[in-house]
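Just below is one structure, and these are the notes that go with it.
The values are calculated or read from the model by the stated rules, or taken from the named source; none is laboratory data. Here the structure is a predicted model, which is why all the values come from computation and not from measurement. Backbone-built Cβ (ideal geometry, glycine too); neighbour counts: all protein chains shown. Quick note on the areas: whole protein, heavy atoms, side chains included, nothing else; ligands and nucleic acids left out. Shrake-Rupley method; radii C 1.70, N 1.55, O 1.52, S 1.80 Å.
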Amino acid sequence: MRVPSILRGGGFVAVLLLLPLLGLQHWFLNLLVFVLMYATMSSAWNLVGGFAGYPSLGHAAFFGIGAYSLALMFKDPVLANGYEPFFVLPVVGLIGALIGWPIALISMRTRADVFAIVTITFLFVVQTLAFNLHDLTGGAQGAALPVPPFPAASFELPFYYVLVLLLCLAMGLTFATMRSKLGLSLVSIRADEDKARGIGVRTTGVKVLAFSVSVGITAMVGGVWAYYEGFIYPQFAVDPLVTIAMVLMTFLGGRGTLWGPVLGAVILEAGQQYLTYQLGAVQLYLIVYALIFLMIILLLPRGILPTIEDRLRQRRRRQRADAATADAALDLTAGSDPVTTDHVDALGGGTT
Amino acid sequence: MLQSNRLRRRSGAVVVTAALALVLGACTSASNNGGASASPHSTTPLVIGASISLTGDFADSGKAVQRGYDLWAQEVNAKGGVLGRQVQMKLVDDASSPTQVVSNYQNLINRDKVDLVFGPFSSLLTVPASQVAKRYAYSFLEPAGGGPKVFAQNLDNLFFVQPAPVVKSGDVFADWVLSLPADQQPKTAAYTELDDPFASPIAENIRARFEAAGIKTVYKEVYPAETQDFSAIMSKVVAANPDVLVGGTQNEDAYAQVKTLVQLKFSPKFMFLSNGANSPLEFPSKVGAQNTQGIMSAGDWFPGSTAFGSDAFAAAYIKTYGGSADTIDNSSAEAFACGQLIEAVATKTGKIDNATIISSLHQGTWPTLLGDLSWGPNGAPSGSFNLIQWQGGKLVPVFPAAIAKAAPIYPKPNWGG
Amino acid sequence: MHALIQGVILGILTGGVYALMASGQTLIFGIMKVVNLAQGAMVIMASYLAYQLFTSFGLDPFLAIPVTTVIMFGLGVGVELLFLRPLRREDKSELSLLVTFAVALLIEGFLSVSWGTTYRSINTGYANSSWTVAGYQITVVRFWAFALSLVALGLLFWLLNRTRFGRAVRATVQNPESARLLGVEAQRVSALGFGLGAATAAAAGSVYGLLYPFYSGSHYDLISRLLSIVVLGGLGSVGGAVIAAVIVSTSSAIVAATISPAWSEMTFFVILILVLLIRPQGLFGSVSRGAI
C-alpha cells in the first residue's frame, strides 16, 4: 500500500507539532531545538550541495549573517511581546539571499573546486568583518540580543515551533524542487554541467537561485539561534564547524534525498550533544568527528538512505531472479517424463 | 537523484522510527524524576554542577578551573563537607562552545537536578549560561566571566568571583602612576590594544584616566586577534617615543610586543601589560628572563599571598597536583574561591539553597583567597586588583601599600638588565 | 614612506615562506586535481614536530627539516593511499574537498590531544635579534626563513625539471591520458606527489614555528590565505604560486603598514575576488578542457 507523500509529510509535521504537549522536560526540548536547527540547515545545504553537486563550505557565513542581522535589528533591549524577532525572520532570510546572490554569481561561474575555495574564503572574510566592524557588530566584545520575555516554564516552545515552521519550509522547497523542472535542471548540472548547458538548461540562473534560497534559509536559522542564545560572538556565529556539521549530516543521511539531511541531523546532533555531555573530558572530540566523517565518505559515500535503497533493490532483484529460476525449474520438473519424476522422488520425498 | 517511491516510503519510515525513538527516550526520562534530591536531609550529597571547557580553544584554562573545583571539593569533604553533606562536583565538558554550554546547564539543572551550579570558563560562555541559571533561579558563582557584557545583563543571581570586573584590572596601574610626584609622572603614552572583550576595555579605562590627568596620547592602535606580526605596530610606537606603554593584551600578543620592542631596541620608562606578563613561568620563558625587569601587570592571587585560606590552598594544590607555587594557574585559585564562598554562606546562615546564596552574597564582604570580596546588584565585584611587577625574575606585588611586598621600580630599566 | 618600505620588505620576506607552502598545495592540485584543504594543518603539524625536537633535543628548527620532511612525506603518502585513492573517479573532485577537510580536522584533533591548546612558539637564541640595514629592521629569523624558502623552492624546481620523477609529474599535470599512454603510472605519481606536497609543508612548518606563535587551530587562517594564493597563481602552476605568494604577502603588509592591521586580513580575499572576476584561471593557470 503506497502511503501518499502528502500524508507521510503531514504525519511527520503532526508528530512534531504535538511532541511538546507530552510534557517533555526542558533539557529535552532544548535538544530538540538544536536538532531542528541542524535539520533545517542540512536540508537547505542539500539544495546546493546535494542536488546541484556544488559543495559549499561557507554556509556558516550566512548563518552568522542571519545572526548578526537579527542582533542589529534589535539593539534596543526592550521587546513588547517577544515575538517581534520571529516576525522579522523573513527579512533576515531576504538579506541572506541578497548577499548570497552576487557571491553565487562570482563563484559559480567556475568549477566546483574553485566554488568551494571561494565559499570557504568568504566564510573567513565574514568572520573577519564580524570582528573588525565594531560599530556594527560589537566586534570581539560580541552583540547582545534582548532577553526573550517568555515564561521559564514554556521558554523553548516559541523557538521550537518557529523552527518546525522553517524545517517545513526547507523540506517543502526540497520536495517541490524534486518534482519540478528546477529539480531536473539541478540534477543534470550535477551529472554533467557542460552537457546540461549544451541542451539549453539555464545553468547559471538555476545554480544561483538554488544557492540564494539555500543561504536565505540558513540565515533565518542563524537569526533564531541568536535570539535563543541571547549573546553572539564572531568566532561562534561564523564557525567553520557549523558548516562541517551541516555537510556531514547531509552526507550521512544521503545527499539529494528529502529525508536524508533530517535523518543525519537527528543522529548526529543528538549523538554529539549526548556524547559531549556524558563522556565529559573525552579529548578525542575532533578526532572522533573527523573519523566518522571519513568513514562515511569512504564506506557509505552515498549516505544511509540511498545505500539502504540500493541494498533493498538488489535484494528485490535477487528475489525476483530466484523466483524466476524456481518457476523455470518447476516447469521442467512438472513434466510426465518418468525419468525426471523418479529423479525428483529420489531427491525430495518420494511417493512410494 | 530523484527518489523512487519505494525509497520515499522507506526513508519516511526510517525518520518516523528515529523520531519515535526520540519520543520514547523523552518519555522515559520525563517519568524519571529521580536524581539528586533537593531535600535538606543532611546526609544526601551536595551536588554542584558546572560546565567547563575541557576540550577546544579554552581547554588549558578550563582544566585549571577543573583542578580548582575538584581541589576545593576534596578539601572541604576532608573537613566534614558543607553542613554535614559531602560535596560532589559534577563537571561536564562544553568543548568551548556556547551551544553546548547552554545544553549542559539545561541538562545539569533540569535533568540531573543538581543542587547548585558554578560558572564556566570565559565571559563568552558565561553570558548564555547565566541566562539559563537565571531562568530556573539558580545562583551563579563564576570565576571567569568578568567582561562588561556579563554585568550588562543585570542578573541578580550572578557573582563574578574575582576582586573586580576585568576591565578595571588596569585601574590600579593608573592609581599608582597618578600617585607619583608630578615631575616623575610620564608625559606621553601609547596604547596597543587587543580587540577582545577584556583587553581593549582595560587599556581604554587607563587611557581615560591618563588623558584626564594630562598625559598625552601619542599613539593608539587596536589590533585584531589574528595579528601575528607586530613589527608594523611597534615601529610606530617607537616612532612616537612614549614615556609609558599601556598594553591591553592577552598572552600571545603580550609576548610578541615585548619581543618586537627588544628587536627594535626601544624600552619605555613605564610599561604595563594587562595579561601575559602576569604568568609567572610563561612570560620569562617566552621573552627571556633578562627582559622582564620592571614590567608591570595586574593580578588577583599570587604565591605568598596572605589572604584567607591562601596558604592552605597552595599547600593542598602542590600536594595533589605537584609542581610549585609558581605553577599554579590563577584560574584554579579563582575556582577554589567559589567553593570558599559556598562554605562561608553555609557557616553564616546554616542553609545552602540557591535563594539563600543569592540574598546573602549581596550583603557585606566575604573573605576568600583572592581577598575580601563584595558585589554590586549586577554581580560586579567592588574591589580592586593588585599591581604586580617583575623584580629579579619574580612577580612581586607593589601597590597598594597594604599588600605590597616591595617598592615599585621605576623607570623601567633597559632590556637585558 | 619609511613604514611603507618596511612593509614591503616584510611582505617579501614573508612571501617566501608562503610561497613554499603554496607550492606544495598547487602541485597536489596539478597532479591529482585535488584541492588539499589539509595543507595548512600539515604545516602546523610540522611546526609542532619542529617544536618538540627543539624542546626535547635542542635541535634547531632549520636543522630539524630533514627529519620532519621525511616524516611528513610518509604521512602524505599515507593519506593519499588511505583516504583519497579509494574515492571513485566520478566523486573525486567533490569528495576530495571534504576528505581533505576531514583530514585537516583529524590532524587538528590529534595536535590538541598531544600538545594541548596553548600557543607555542620556537624560541631559539636568535629569535629576537635583528639587523638594521639602511635604517630598516630585518629580523634574523625572517631573513633565514626567506633564504631557506628559496633553497627549498630551488630544490623543488630541480626535482620537477631535472629528474625522471619530475618529468612524470609534469606530464601528468599537463595531460594525464597521454602521460599514462607513455607509461607513467598515474597512481604512483599521485601518491608520491601528495607526499611531496606534504614535504614542502614540513619545511615551511619549521620556519612558521619560528616566526609565529601557533596552536592546533591555526590552520584555518593559514589555509584561507594559501587558497587565495594558489588561485591567484593559477591552480597547478608552481611558479605562479611563488609569484602570487609574494604579491599577496606584500599587499597585506602594505595595507597593514598604511591603513591598519585589521584590514590586512581582507587583502587576500579582495585579491581573490578580483582575480576571479578578471582572470579566473589565475596568472599562470591554463584555460584547459572542462576547466573554467
Do we have C:G74 as in contact (Cβ under 8 Å) with a residue 60 or more places away in the chain and of a type outside the set (S, T, Y) here? yes
Which of the helices (runs of 4 or more DSSP H) contained wholly in region B:135-232 include at least 1 residues that are in contact with a Lys or Arg (Cβ under 7 Å, 6 or more places away or on another chain)? B:171-179, B:199-212
Mind counting the residues in region B:225-248 that are within 26 Å of A:Y233 (Cα to Cα), open to solvent by 30 Å² or more (accessible area, probe 1.4 Å) and hydrophobic (A, V, I, L, M, F, W, C)? 1
Only one of these conditions is not met by B:T99: (1) out of contact with any strand residue (DSSP E or B) (no Cβ under 9 Å at 6 or more places or on another chain); (2) open to solvent by less than 10 Å² (accessible area, probe 1.4 Å); (3) among the β-branched types (V, I, T). Which number is it? (2)
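Conditions tested, residue by residue: (1) open to solvent by 10 Å² or more (accessible area, probe 1.4 Å); (2) of a type outside the set (K, R); (3) within 14 Å of chain B (Cβ to nearest Cβ).
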{"position": "A:L22", "(1), (2), (3)": "yes, yes, yes"}
{"position": "A:H26", "(1), (2), (3)": "yes, yes, yes"}
{"position": "A:L31", "(1), (2), (3)": "yes, yes, yes"}
{"position": "A:S56", "(1), (2), (3)": "no, yes, no"}
{"position": "A:A67", "(1), (2), (3)": "no, yes, yes"}
Residue pairs within 7 Å by beta carbon, gap of at least six or interchain, first lying in region A:37-66 and closer than 17 Å to A:T203 by Cβ, second outside any helix (DSSP H, G or I) and of a type in the set (S, T, Y), listed first then second, are A:V48/A:Y54; A:V48/A:S56; A:G49/A:S56
Given B:A316, B:A298, B:A307, which one is away from chain C (no Cβ under 14 Å), in contact with a Phe, Trp or Tyr (Cβ under 6 Å, 6 or more places away or on another chain) and touching a residue at least 60 places away in the same chain (Cβ under 8 Å)? B:A298
In region A:194-204, residue farthest from the other protein chains (Cβ to nearest Cβ) [restricted to those that are open to solvent by less than 40 Å² (accessible area, probe 1.4 Å) and either in contact (Cβ under 8 Å) with a residue 12 or more places away in the chain or closer than 19 Å to A:A44 by Cβ (or both)]: A:V201
Which one of the conditions (1) in contact with a Leu (Cβ under 9 Å, 6 or more places away or on another chain); (2) modelled with pLDDT of 85 or more does A:T218 fail to meet, given that it meets all the rest? (1)
Mind telling me which of the residues C:G166, C:G183, C:G217 ends up being touching a Leu at 6+ places or on another chain (Cβ under 6 Å) and either more than 19 Å from C:L75 (Cβ to Cβ) or at pLDDT below 85 (or both)? C:G166
Members of region C:189-211 found to be within 14 Å of chain B (Cβ to nearest Cβ) and buried (at least 22 other Cβ atoms within 10 Å of the Cβ), listed by number: C:V207, C:Y208, C:G209, C:L210
Please verify whether B:V177 is open to solvent by less than 30 Å² (accessible area, probe 1.4 Å), of a type in the set (V, I, T) and free of Cβ contacts under 8 Å to residues at least 40 places away in the same chain, treating the condition exactly as stated. no
Verdict on B:V262 being under 30 Å from B:G392 (Cβ atoms), open to solvent by 10 Å² or more (accessible area, probe 1.4 Å), of a type in the set (A, V, I, L, M, F, W, C) and touching a residue at least 60 places away in the same chain (Cβ under 8 Å): yes
Can you tell me how many residues within region A:149-162 are of a type outside the set (F, W, Y) and surrounded by 19 or more Cβ atoms within 10 Å (Cβ to Cβ)? 2
Criterion: touching a strand residue (DSSP E or B) at 6+ places or on another chain (Cβ under 8 Å) and open to solvent by 10 Å² or more (accessible area, probe 1.4 Å) - qualifying residue of C:R164, C:R120: C:R120
Those residues of region C:51-63 which are under 18 Å from the mean Cα position of the chain (by Cα) and either open to solvent by less than 40 Å² (accessible area, probe 1.4 Å) or free of Cβ contacts under 8 Å to residues at least 12 places away in the same chain (or both) amount to C:P61
Quick check, is C:V242 more than 14 Å from chain B (Cβ to nearest Cβ), among the β-branched types (V, I, T), assigned to a helix (DSSP H, G or I) and farther than 27 Å from C:V140 by Cα? no
Please enumerate the residues belonging to region A:163-190 that are β-branched (V, I, T) and open to solvent by less than 30 Å² (accessible area, probe 1.4 Å). A:V164, A:T174, A:T177, A:I189
Within region A:114-127, of all residues that are in contact with a helix residue (DSSP H, G or I) (Cβ under 6 Å, 6 or more places away or on another chain) and closer than 17 Å to A:T204 by Cα, the one modelled with the lowest pLDDT is A:A116
Candidate set from region C:1-50 (those that are of a type in the set (V, I, T) and open to solvent by less than 10 Å² (accessible area, probe 1.4 Å)); member that is nearest to A:G58 (Cα to Cα): C:V35
Those residues of region A:74-92 which are at pLDDT 90 or above, of a type outside the set (V, I, T) and surrounded by 15 or more Cβ atoms within 10 Å (Cβ to Cβ) amount to A:F86, A:L89
Somewhere in region B:301-313, is a residue under 20 Å from B:Q250 (Cβ atoms) and of a type outside the set (K, R)? yes
Which condition number does A:I120 fail, the rest of (1) surrounded by fewer than 18 Cβ atoms within 10 Å (Cβ to Cβ); (2) assigned to a helix (DSSP H, G or I); (3) at the interface with another protein chain (Cβ under 10 Å from one of its Cβ atoms) being met? (1)
When residues of region C:274-292 are filtered for being of a type in the set (A, V, I, L, M), at pLDDT below 80 and buried (at least 19 other Cβ atoms within 10 Å of the Cβ), how many remain? 1
Matching helices (runs of 4 or more DSSP H) fully within region B:300-417 where at least 2 residues are small (G, A, S), surrounded by fewer than 22 Cβ atoms within 10 Å (Cβ to Cβ) and out of contact with any strand residue (DSSP E or B) (no Cβ under 8 Å at 6 or more places or on another chain): B:310-321, B:354-361
Check on B:S274, within 13 Å of chain C (Cβ to nearest Cβ) and either touching a Pro at 6+ places or on another chain (Cβ under 6 Å) or touching a residue at least 12 places away in the same chain (Cβ under 8 Å) (or both): no
Are there any pairs with C-beta distances below 6 angstrom linking a residue in region B:110-127 that is charged (D, E, K, R) to a residue that is at pLDDT 90 or above, with the two at least 6 apart or on different chains, and if so which? B:D115/B:L46; B:D115/B:V47
